[in-house]
Amino acid sequence: MDALLRSRRLLLIVTLGVTSAACSPAKREPVGVSNGGAIEHERDAEVVSNAPPLAGLPPDFRATWNRIGLHIASEHGRFTADVYEHDHAAWAEDLFLADASAGVYLLEKGDAGIRFAVADERGRTVADGDAGVESCTRCHAGARDSVFDVHQ
C-alpha cells in the first residue's frame, strides 16, 4: 500500500510539473504587462513626434538664458525645476520628476499680453496660447509675484 501511495504521489508531482511547464509565464506575457491600447499609444507618440518645436523656446535656452533657480520645488505639482529667464520678458520652467525630464513651461510677456505654452521634454509643442493652457491663465491671474501676474 505504501508503494502505491508513493507511486501516485510521484505521478502527481510529475503531472503538476508538466502542467506548470506548459503554463509557464515565460511562454505568456509577464504579470502586470498589458498590450491593451498599444495602437493608441503609438498614435499618441506619432502626434507628439510630429509636433513642431515650441516657438519662443530656443533649443539652447539652458545655455543662453539666465538660470535664476536650480532644483527648486515647482508650484506645478510634484515637479522640481530649473527656472530660466530671458530679457525680463520670458521665463522657462524646466521640469523634472526625480532625474527624468518632464517638459518645459514657458511664460512670455509681450505687447499682446501674457503667453503661456508647454513643451515636452524634447522641446516640442504640447499646448500654446489659448489652446490647452486655460488653467495657466486662471492660476496666474491670482499670482502675487509681479513676474507672473497676468494683470501686469
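Some points to look at:
- Extension gain, residue 99-residue 122: 0.36 nm per intervening residue step, less the Cα-Cα distance, totals 6.8 nm.
- Near residue 74, the amide H atoms lying under 5 Å from its own belong to 79, 80, 81; only residues 5 or more places off or on other chains count, and H is placed 1.01 Å from N.
- Contour minus Cα-Cα distance for residue 60 and residue 76 (0.36 nm per residue): 3.4 nm
Taken together, the values in this text are just the output of simple stated rules run on the coordinates, not laboratory data. Given the structure is predicted, the values throughout are model-derived calculations rather than measurements.
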